[in-house]
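To keep things clear, I will list the structure first and then write my remarks on it.
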Amino acid sequence: MTDLEDKLSSVLSGAAHRAPQAPAGLVATVKTRHRRRQARAAAMRAAAAVVLVAGGVGAAVSALDASAEPNPAASATGKPKPPADKIPPPIEKVWPQAVHKIPAKLPDGRAYYPQLLLDDRTLLVMTGVSDGKRQFLWSYDLGTGRPRQIAEIPPTKGSAIFADGVAAGGGNIVWWASYKEAGSPRVARIWTVPATGGRPRAVTDVPLGNVMKQGHINGLTVTGSDVVFAYEKGGVYRVPLSGGSPQPVKGAERHHILQWPWVGIHRGKAIFRELLNVETGERRDAVVKADEEVRCGVDRCAGVTVRYKTVKVERPRDRSGKEIKCGDRRCPDTTRNGTILSRFIRDRDGSHERELPSTFRPGDDAGLDRFFKVMLRGPGNQDVQTLYDADTGRSADLGIRPNAKGGMATPDSGLDRLMTYSIKNEMYVVDLAAIK
């Protein structure tokens with residue numbers, strides 16, 4: 001790994017942690033799983049784009065992220081005039097039992113970043129993320145507003161990525177941090193500390209290759225007396241919490257962790273289409289039709305039907321008009337554009353299919369296999385972020401609006417029960433498991 005990659009990796013991690021984040025629930029005997037950090041994933045995608053531009057390389061974007069639809073009718077000025085959507089009531093009115101509003105800073109003024117729900121009323125948060133100097137884990141009582149310090153995250157040396165992938169189980173909290181010390185290969189060091197507090201202890205060092213190409217690790221989960229994780233390129237491993245060398249999980253050498261013990265393969269446009277329960281050997285293959293792009297959970301799949309067409313593109317040229325080469329090959333003459341024809345959610349066996357809102361954007365995780373973030377168009381052509389429940393068809397306005405510069409915060413959520421976001425001086429903590 002080059003010095004540039006080391007620096008870029010650290011910068012990306014810092015940028016990711018400066019955005020609000022979150023993960024899911026458990027304490028003493030309650031189990032939970034890691035939550036995907038959307039901020040970090042977005043930062044990595046942005047970095048890839050920067051690297052491509054810097055190297056003069058063209059890249060194709062998956063239609064799952066960039067599918068286009070016909071533009072709405074234009075006004076006399078030529079600008080689109082999309083109709084305003086009906087905005088649902090605020091989330092605290094629709095699902096009051098699920099919403100906790102707490103101050104966006106701890107009583108001593110520190111900014112914090114949600115990580116997990118340790119139980120129905122205890123939030124695990126991290127401080128010190130923005131400056132990267134001294135980081136701490138705290139439990140935050142959602143009822144009393146009282147924080148309790150659990151541990152200081154060991155300071156890093158050399159080129160390092162801040163603590164990430166926080167998970168918990170069996171009364172233990174775990175996380176990992178990526179280290180690159182002079183003369184040594186880069187590793188992902190897994191740490192643990194009791195949920196009741198104590199001194200963090202290193203569990204193991206996971207060897208890493210070129211993280212810009214192969215990624216770090218993810219899917220960190222506590223299961224019994226072990227920690228399991230997967231390489232971002234694929235491959236699931238297990239290591240005792242007491243320490244030792246990571247060992248591959250049999251039958252999951254190319255897999256990713258969805259929700260332990262379920263692991264699966266990312267095959268083309270069908271993410272987690274094939275699942276394997278590594279504890280029982282059960283397999284679940286989802287029904288996926290032609291022209292569909294899906295992301296599946298343990299029980300359901302959400303996705304889109306896409307129609308593609310090939311269009312000609314002009315090869316890029318420099319200021320002198322000379323054609324720019326794309327790496328060792330010339331830039332392509334054509335590209336494929338996709339138009340979304342339908343949006344749906346259905347059970348993995350193909351049953352109970354129903355339509356998702358027209359503003360559903362594919363590719364994101366569905367909380368508890370049922371909750372989707374959906375963007376609506378409000379009065380004055382203003383974007384409105386909402387939450388849609390595919391089980392009941394109900395929606396709620398999250399209260400998030402564009403800022404003065406047109407930017408808009410994205411709620412931090414994953415496959416689990418927790419969703420968090422901040423508005424002004426308040427942090428919204430939404431427990432999706434409380435919605436019946």
For the condition in contact (Cβ under 8 Å) with a residue 40 or more places away in the chain and either assigned to a loop (DSSP other than H, G, I, E, B) or of a type outside the set (Val, Ile, Thr) (or both), what is the one hit in 319, 284, 307? 284
Of all residues in the stretch 203-222, how many are more than 24 Å from the chain's Cα centre (by Cα) and either open to solvent by 60 Å² or more (accessible area, probe 1.4 Å) or without any contact (Cβ under 8 Å) to a residue 24 or more places away in the chain (or both)? 0
Taking interchain pairs and intrachain pairs at least six residues apart, which have beta carbon atoms under 6 angstrom, with the first residue in the stretch 422-435 and open to solvent by 50 Å² or more (accessible area, probe 1.4 Å) and the second part of a strand (DSSP E or B)? 426/101
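In this structure, is residue 213 modelled with pLDDT under 95 and more than 28 Å from residue 295 (Cβ to Cβ)? Step through it out loud before you land on a result.
Values: modelled with pLDDT under 95: yes; more than 28 Å from residue 295 (Cβ to Cβ): no.
Taking the combined requirement at face value, the residue does not satisfy it.
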Read through the list (1) outside any loop (DSSP other than H, G, I, E, B); (2) of a type in the set (A, V, I, L, M); (3) without any contact (Cβ under 8 Å) to a residue 12 or more places away in the chain, then give the number of the only condition that residue 290 fails. (1)
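Find the residue count for the stretch 180-197, including only residues that are closer than 20 Å to residue 221 by Cα and touching a strand residue (DSSP E or B) at 6+ places or on another chain (Cβ under 7 Å).
Pass one, the stretch 180-197, residues closer than 20 Å to residue 221 by Cα: 187-197.
Then drop every residue that is not touching a strand residue (DSSP E or B) at 6+ places or on another chain (Cβ under 7 Å), which leaves 187-195, 197.
Residues in the stretch 180-197 being closer than 20 Å to residue 221 by Cα and touching a strand residue (DSSP E or B) at 6+ places or on another chain (Cβ under 7 Å): 10 in total.
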Residue 289: passes all of (1) surrounded by 15 or more Cβ atoms within 10 Å (Cβ to Cβ); (2) under 30 Å from residue 354 (Cβ atoms) but (1)
In the stretch 391-421, the residues that are touching an Asp or Glu at 6+ places or on another chain (Cβ under 7 Å), more than 15 Å from residue 372 (Cβ to Cβ) and open to solvent by 30 Å² or more (accessible area, probe 1.4 Å): 402, 408
Conditions (1) within 29 Å of residue 148 (Cα to Cα); (2) aromatic (Phe, Trp, Tyr); (3) open to solvent by 50 Å² or more (accessible area, probe 1.4 Å): number failed by residue 176: (3)
Leading residue by the ranking (nearest to residue 250 (Cα to Cα)) among those in the stretch 293-304 that are part of a strand (DSSP E or B) and β-branched (Val, Ile, Thr): 294
Has the stretch 223-231 got at least one residue that is over 20 Å from residue 179 (Cβ atoms), open to solvent by 20 Å² or more (accessible area, probe 1.4 Å) and not hydroxyl-bearing (Ser, Thr, Tyr)? yes
Quick check, is residue 351 open to solvent by 30 Å² or more (accessible area, probe 1.4 Å), at pLDDT 90 or above and either more than 27 Å from residue 219 (Cα to Cα) or part of a strand (DSSP E or B) (or both)? yes
Residues of the stretch 339-348 satisfying the condition of being hydroxyl-bearing (Ser, Thr, Tyr) and either in contact with a Leu (Cβ under 7 Å, 6 or more places away or on another chain) or open to solvent by 90 Å² or more (accessible area, probe 1.4 Å) (or both): none
Of all the residues that make up the stretch 368-408, how many are closer than 28 Å to residue 301 by Cβ and either in a loop (DSSP other than H, G, I, E, B) or among the small types (Gly, Ala, Ser) (or both)? 13
Check off (1) in contact (Cβ under 8 Å) with a residue 60 or more places away in the chain; (2) crowded, with 19+ Cβ neighbours inside 10 Å for residue 171 and give me the number that stays unchecked. (2)
When you go through (1) surrounded by fewer than 17 Cβ atoms within 10 Å (Cβ to Cβ); (2) at pLDDT 95 or above one by one for residue 84, which number turns out not to apply? (2)
State which residue is surrounded by the most Cβ atoms within 10 Å (Cβ to Cβ) when the search covers only the stretch 232-271 and only residues that are in contact (Cβ under 8 Å) with a residue 40 or more places away in the chain and of a type in the set (S, T, N, Q). 259
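The values are calculated or read from the model by the stated rules, or taken from the named source; none is laboratory data. What you see is a predicted model; the values in this text were computed from it and never measured. Heads up, the Cβs are rebuilt from the backbone with ideal geometry, glycines too, and the neighbour counts pull from every protein chain shown. Areas reflect the complete protein model, heavy atoms only, side chains present, ligands, DNA and RNA absent. Shrake-Rupley method; radii C 1.70, N 1.55, O 1.52, S 1.80 Å.
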